[in-house]
1. Normalised by the residues of the chain, what does the relative contact order come to in percent, with Cα pairs under 8 Å and at least six apart?
2. Antiparallel DSSP bridges in region 138-289: what percent, to the nearest 5?
3. Give the separation of the Cα centroids, region 238-276 to region 176-190, in Å.
4. With +1 on each Lys and Arg Cβ and -1 on each Asp and Glu Cβ, how big is the dipole of region 1-75 about its Cα centre, in debye rounded to the nearest 20?
5. Can you give me the P(r) profile for region 1-137? Cα pairs, bins 5 angstrom wide beginning at 0, each as a whole percent.
6. Using the Cα gyration tensor of region 61-102, with a ≥ b ≥ c the square roots of its eigenvalues, what is the shape: rounded (a/c below 1.5), prolate (a/b larger than b/c) or oblate (neither)?
7. Rounded to the nearest angstrom and ordered from largest down, what semi-axes does the equivalent ellipsoid of the chain get from its C-alpha gyration tensor (root of 5λ)?
8. Assign unit charges at the C-beta atoms only (+1 for Lys and Arg, -1 for Asp and Glu), then state the dipole size of the chain relative to its Cα centre in Debye, rounded to the nearest 20.
Amino acid sequence: MIKESELILNPDGSVYHLNLRPEHIAHDIIFVGDQNRVEKITQFFDSIEYSTQKREFKTQTGIYKGKRISVMSTGIGPDNIDIVINELDALVNIDLQTRQPKEKLTSLNIIRIGTSGSLQEDIPVDSFVMSKFGLGLDNMLRSYLIDKVSNTALEDAFVTHTNWDIRKGKPYVIACSEKLEKLIESDKIFKGITATAGGFYGPQGRVLRLNIQDEELNSKMDNFDFNGNRITNLEMETAAIYGLSSLLGHNALSLNAIIANRASGTFSEDPYKAVDELISYTLNKLAGN
Ligand code: R1P
Ligand code: URA
């Protein structure tokens, strides 16, 4: 039995942070970072059956063209992903009455629709990236047995190429779920390795007033290549989503609208347009159109 201190439930039986009970979620779930993006998606639904919010975690479940989908905001960063995926997994794979893990496990399909900064000149603002791999620079998953699912060849290549300071903790690399990659297959979307950082400024090499960046590391990241896979973009959730989903047996895919280009120093004039396009593309794929 899982103790009350480990799996914390609210008085109405919902999980602690997400405020959800098992019947409130679909098995196809779209993650967005920003809570205001949830309704930008569910405005297209035929009906909404459930809405809730606690802190930055807003969830709406409803029907889009006959398909039941949940949309939820994760807030910013890998630490929030730890909360969201563990509580979602508890909703489907732990009996909340008896507090026992279920024998027959359920796999969720998780698709992130996010925003991101491109590292490559030829991946401009307002384009889209599908993360074939998540490269975790954030260290979040080190408390789990991440070696079970990580891609050691790619990790070693990255450490060697960048001369990575191992005191920062070895980065982990996890692939997207093939099932979802096939669902979204499109030549409109660049594919590559998405590096996930634990912060927006320093950890992504952005200098404002604190000029203590490792320029050599930054340029080596831009030029890294592993079997034709380059590091395409930087954001703050993908590797954590891929890592925890793999460990718990869920499918995950991360799609990002490029709103900043770090190579050219440009920012999108209308970042929401690219996000909106990605939303309608993903919804139609999920609904089988
Ligand atoms: C930073 O502005 C946030 O934007 C990106 C980053 O990953 C980080 O969460 O994603 P979202 O637009 O999904 O929040
Ligand atoms: N989100 C990030 O985390 N980084 C960027 O450069 C843009 C969006």
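Every number in this text was worked out from the coordinates using simple rules, so none of it is lab data. Note that the structure is predicted; figures quoted are calculated from it, not measured. We place every Cβ from the backbone using ideal geometry, glycine too, and count neighbours over all the protein chains shown.
1. Computed over the chain, the figure is 24 percent.
2. The antiparallel fraction comes to roughly 50 percent.
3. 13
4. 180
5. Histogram of Cα-Cα distances, whole percents per bin: 2, 9, 18, 21, 18, 15, 9, 5, 2, 1, 0.
6. The shape class here is oblate.
7. 31, 23, 17
8. In total the dipole reaches around 400 debye.
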